[in-house]
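Reviewing the structure listed below.
The values are calculated or read from the model by the stated rules, or taken from the named source; none is laboratory data. Values in this document were obtained by computation on a predicted structure and should not be read as measured data. Note: ideal-geometry Cβ built from the backbone for every residue, glycine included; neighbour counts use all protein chains shown.
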Amino acid sequence: MENKKSARERFLDRFFGGVEDWDKYLTDSISQEENAYDYEYGLKILEVQEQFGNRTNSELGREMWYSNDFFINSLILNFITDAEDDLVTELKQIYVGLLGIREFNAEAMEMIEESEEYLITMNFEIDQQLTYISTLFSYYIYGMYIPDEERDELYPKMVDSLRDLVDKEALMKKISNQIPYDDVPVDYESPRLHIATDLFVASMSFVLGHEIGHHFLNHTGSNGRNIISKFIPTDVTFNQLHLDEFAADNFSFDLLIRGMKEKNANTLFAPLMVIFMLAIYDKTPEESSQTHPSLRDRYLNLLSKVSEQDEKLALSLQSIMNELASWINDILKGHGKTEWWR
């Protein structure tokens with residue numbers, strides 16, 4: 001790659017406000033005198049990440065390979081570890097630049113002659129929104145396994161999580177008045193928290209895998225590379241842009257389940273949850289656009305992918321989604337004009 005720009009260099013050159021390392025940037029921005037606790041906490045995080053980097057990055061510590069965000073970097077490392085041989089080399093050409101923008105957007109950037117690497121950009125809002133919806137869904141799923149009287153106590157927390165998703169003004173006020181995190185006890189053994197973590201990691205992986213799919217399926221003008229053409233569905237729609245979206249969804253789903261050591265219902269549920277979250281902000285999720293198929297069709301396509309893995313589990317997840325979606329629609333007073341998910 002002599003005289004070729006790396007995707008990382010391309011990202012930093014093109015995007016004003018792009019930083020090389022988010023955790024280091026945030027720690028450096030903390031005043032040690034005014035907020036000693038947060039500063040020391042940030043240093044501890046950097047130290048742990050340095051040790052992890054030395055183990056996984058040829059003793060290069062925090063020299064990130066695949067992203068300026070440590071968590072995203074770890075997800076790509078997981079993809080590489082679990083990938084088949086023909087994908088490993090390609091995955092190592094990925095760089096994901098996280099931007100601190102409050103907008104739900106991820107994009108596989110068009111390939112250019114000056115670079116042989118794949119550049120993806122993701123906005124910080126994706127992390128936030130997937131955290132909130134993972135929390136919401138985890139309360140419901142956890143509630144399926146506890147007594148009725150305990151389940152009733154989860155209802156206010158579900159409503160609160162839903163508000164975090166849909167009411168940005170109230171969310172910002174809540175964040176500004178929040179109790180410092182060191183004063184809030186966290187039960188790391190909580191089954192509910194484990195469910196939320198599974199959903200969040202899998203949903204972030206799915207979003208990331210979708211954008212990787214656009215690159216690998218040659219949707220971004222890469223040099224004739226189309227190494228995963230077997231994932232392109234042929235019987236869904238005649239709109240090529242729609243085909244590209246279905247293909248990227250399918251590629252991401254297959255990339256996701258390749259990393260499953262054993263069947264995990266939460267991992268399989270996560271792609272459906274991502275589509276549902278997008279539908280919350282879409283006034284017509286049952287209608288397609290010029291560039292994208294309808295969210296309904298994408299949801300049903302992914303549900304069929306789950307069914308290919310386990311038909312009984314697919315029916316169970318569909319039942320959970322039907323109940324949760326109906327509950328959310330009632331809380332939002334008919335936010336959706338149709339029950340598009342059925």
Exercise for the section: May I ask you to say which residue of E116, E107 is charged (D, E, K, R) and either farther than 23 Å from F15 by Cα or at pLDDT 90 or above (or both)? Expected result: E107
Exercise for the section: Could you list, in sequence order, all residues of segment 118-137 that are outside any helix (DSSP H, G or I) and surrounded by fewer than 22 Cβ atoms within 10 Å (Cβ to Cβ)? Expected result: T121, N123
Completion exercise
Among residues of segment 27-38 being surrounded by 14 or more Cβ atoms within 10 Å (Cβ to Cβ) and not charged (D, E, K, R), the residue farthest from D69 (Cα to Cα) is I30
Completion exercise
A careful count of residues in segment 237-262 that are in contact (Cβ under 8 Å) with a residue 40 or more places away in the chain, part of a loop (DSSP other than H, G, I, E, B) and under 25 Å from E84 (Cβ atoms) gives 1
Fill in the blank from the handout: Reported set for segment 297-323 where residues are surrounded by 19 or more Cβ atoms within 10 Å (Cβ to Cβ) and touching a residue at least 60 places away in the same chain (Cβ under 8 Å) is D297, N301
Completion exercise
Within segment 39-60, restricting to residues that are aliphatic (A, V, I, L, M) and either outside the structural domain of S74 (by TED's automatic domain parsing) or under 22 Å from S29 (Cβ atoms) (or both), the one that is surrounded by the fewest Cβ atoms within 10 Å (Cβ to Cβ) is V48
Problem - Condition met for R8 (of a type in the set (K, R), within 23 Å of I72 (Cα to Cα) and within 23 Å of the chain's Cα centre (by Cα)) - result: yes
Fill in the blank from the handout: If we ask which residues in segment 288-342 are among the aromatic types (F, W, Y) and out of contact with any Pro (no Cβ under 9 Å at 6 or more places or on another chain), their number turns out to be 1
Problem - Flag if G18 is within 22 Å of Y118 (Cα to Cα) and in a loop (DSSP other than H, G, I, E, B) - result: yes
Exercise for the section: Name every residue in segment 263-320 that is acidic (D, E) and assigned to a helix (DSSP H, G or I), in order of residue number. Expected result: D297, E308, E311
Completion exercise
If we keep only residues of segment 103-130 that are in contact (Cβ under 8 Å) with a residue 60 or more places away in the chain and of a type in the set (D, E, K, R), then the residue farthest from F216 (Cα to Cα) is D127
Handout entry: Filter result for the condition that a residue is in contact with a Lys or Arg (Cβ under 8 Å, 6 or more places away or on another chain) and either more than 28 Å from V274 (Cβ to Cβ) or buried (at least 17 other Cβ atoms within 10 Å of the Cβ) (or both), over K4, K24
Key = K24
Problem - Residue satisfying all of: in segment 181-206; over 25 Å from N73 (Cα atoms) and part of a loop (DSSP other than H, G, I, E, B); modelled with the lowest pLDDT among these - result: V184
Fill in the blank from the handout: Quick count over segment 324-342, residues being surrounded by 12 or more Cβ atoms within 10 Å (Cβ to Cβ) and within 18 Å of L136 (Cα to Cα), is 10
Practice task
State whether the residues of segment 207-227 include one that is among the basic types (K, R), modelled with pLDDT under 70, within 30 Å of Q93 (Cβ to Cβ) and surrounded by 11 or more Cβ atoms within 10 Å (Cβ to Cβ).
Solution key: yes
Practice task
Quick one: in segment 249-278, of everything that is at pLDDT 90 or above and among the small types (G, A, S), which residue is surrounded by the most Cβ atoms within 10 Å (Cβ to Cβ)?
Solution key: A270
Exercise for the section: Give the residues of segment 47-73 that are farther than 26 Å from S203 by Cβ and at pLDDT 85 or above, sorted by residue number. Expected result: E47, E50, Q51
